[in-house]
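The values are calculated or read from the model by the stated rules, or taken from the named source; none is laboratory data. Please read these numbers as outputs of a predicted model, since none were measured by experiment. Backbone-built Cβ (ideal geometry, glycine too); neighbour counts: all protein chains shown. SASA here: full protein model, heavy atoms, side chains in, ligands and nucleic acids out. Shrake-Rupley method; radii C 1.70, N 1.55, O 1.52, S 1.80 Å.
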Amino acid sequence: MEINFYAILVAALSSFVVGFVWYNPKVFGTIWMNEIGMTDEKAKQGNMLKIFGLTFVFAFMLSFFMQTLTIHQFSALGMVGGDAVSAKPSFAAFMTDYGDAFRTFKHGAFHGLLAGLFISLPVVATNCLFEQKSFKYAAITSGYWIVVMTIMGGIICAWK
């Protein structure tokens, strides 16, 4: 199973599209800014190259890892030591028969949703508790990551 860098790239970029909509002032942007005490003036003081550059790096890292959560054939490769070249012929036969099993957007989105609910939500919510952030902030932030991981999972799993 080869790594599909195009799928990873598009999945990473999808986080920007979701963020553009999610944090739009007409959706959750105004509420989110009020919850963290952000103003337009303060936002403009940020180093946008640094913010968006590192955001892309982190989104790329997340989408890279989403392969192992959404494409089950990566697990099969791990069972033979991670090297398909040295695997027995039975592994090649298995991959011929089942190499594209469950490789749909729907299946990947389901696993992305589960990852968002069981990884992102607890991490964000725990931070919010200790930082004494509001429920609104926790819901908006974790909701964003749940949606992003759902879409990333769908893109990565479906793109063959």
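So the values come out like this:
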| item | result |
| --- | --- |
| Coarse-grained scattering of the stretch 1-62 at q = 0.27 Å⁻¹, given as base-10 log I(q)/I(0) from a Debye sum over alpha-carbon atoms | -1.17 |
| Surface per residue (accessible, 1.4 Å probe) for the stretch 34-77, Å² | 66 |
| Contour minus Cα-Cα distance for Lys136 and Thr68 (0.36 nm per residue) | 21.4 nm |
| Neighbourhood net charge (10 Å Cβ-Cβ; Lys/Arg +1, Asp/Glu -1) for Cys157 | +3 |
| Fluctuation leader among Gly46, Gly29, Gly108 - the chain, Gaussian network, Cα springs under 10 angstrom | Gly46 |
| For the chain, calculated [θ]222 nm from helices alone, where every DSSP H run of n ≥ 4 adds -39500 (n - 2.57) | -23000 deg cm²/dmol |
| Filter on Lys26/Lys160; Lys42/Lys133; Lys44/Lys136; Lys106/Lys160; Lys42/Lys136 - keep pairs with C-alpha separation over 25 Å | Lys26/Lys160 |
| Per residue, the convex hull volume that the Cα atoms of the chain enclose (Å³) | 122 |
| Relative packing of peptides 14-27, 55-68, 87-100, 138-151 - highest average C-beta neighbours within 10 Å first | 138-151, 55-68, 14-27, 87-100 |
